[in-house]
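Note sheet for the following structure.
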Amino acid sequence: MSMTSFLIYCVIVTFTPGPTNIALLSIAQNARRKEAFRYIWGVTAAFGVLLAASVMLNNALAAVMPKILAFMQIIGCMYILYLAYQVYKMDISGDSTKQAATFMTGFLMQFVNPKVWLFTMTVIPSYVMPYYKSQLVLSIFVLVITIVAFLALVTWVIFGMVFKRFLQKHLKMTNIILALLLVYSAIEVSGIIEIVKR
């Protein structure tokens, strides 16, 4: 097993912009740290659950994965577009931000995020299971990957809080840019780009 390749893959997937990270950046610049971390704990918990499910149900999931992904593309696209709308109309009053920054919204976001499904359902079967079979070792890898994802989320919160004053000074433009990035994520998640390329 190439540990370097495995770690690079984990870092690239978890640290690069995606629906969850973009939403978190918006939450971090409009909410208190407490709300942002509630959302992070929800995201992290769901991420860990999906990784554990991947380990336990590897063969069964491999068979139904194409059907699950097609469904998740539709649901995920709609949810991300809804999220984009919420980010676009978000203000610094905090009311809409607090509604978006809960443990449950962070948790549920992962279950409609095809990027997370693809990653969690492939990383351990592809990188780890060919070399390790022990449940203890597989559990350690689930924990390590979940910690990497948690650190990525915290990085996005820190970025949002460090640049909070700047982002709030240009709040409308920031919200528009973040909303457009989410719309782009929704288009990418929907599979439309692949269909157009054919």
Considering THR146, THR174, which residue is surrounded by 13 or more Cβ atoms within 10 Å (Cβ to Cβ), of a type outside the set (A, V, I, L, M, F, W, C) and within 19 Å of MET3 (Cα to Cα)?
THR146
One residue from LEU182, LEU143 being in a helix (DSSP H, G or I) and at pLDDT below 85:
LEU182
Residues that are among the aromatic types (Phe, Trp, Tyr), surrounded by fewer than 15 Cβ atoms within 10 Å (Cβ to Cβ) and in a helix (DSSP H, G or I), drawn from segment 98-140:
none
Quick count over segment 160-171, residues being under 29 Å from ILE75 (Cα atoms) and modelled with pLDDT of 80 or more, is 1
Given (1) more than 17 Å from the chain's Cα centre (by Cα); (2) free of Cβ contacts under 8 Å to residues at least 40 places away in the same chain; (3) farther than 17 Å from MET104 by Cα, ILE12 misses just (1)
Please go through segment 78-111 and give me each residue that is within 24 Å of SER54 (Cβ to Cβ) and modelled with pLDDT under 80, ordered by number.
TYR79, ILE80
I'm told LEU51 meets every condition in (1) modelled with pLDDT of 75 or more; (2) closer than 22 Å to ALA31 by Cβ except one. Can you identify the failing condition by its number?
(2)
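The values are calculated or read from the model by the stated rules, or taken from the named source; none is laboratory data. If you're wondering where the values come from, they're calculated on a predicted model, not measured in any experiment. When we count neighbours, we look across all protein chains shown, and the Cβ atoms used for this are built from the backbone with ideal geometry, even at glycine.
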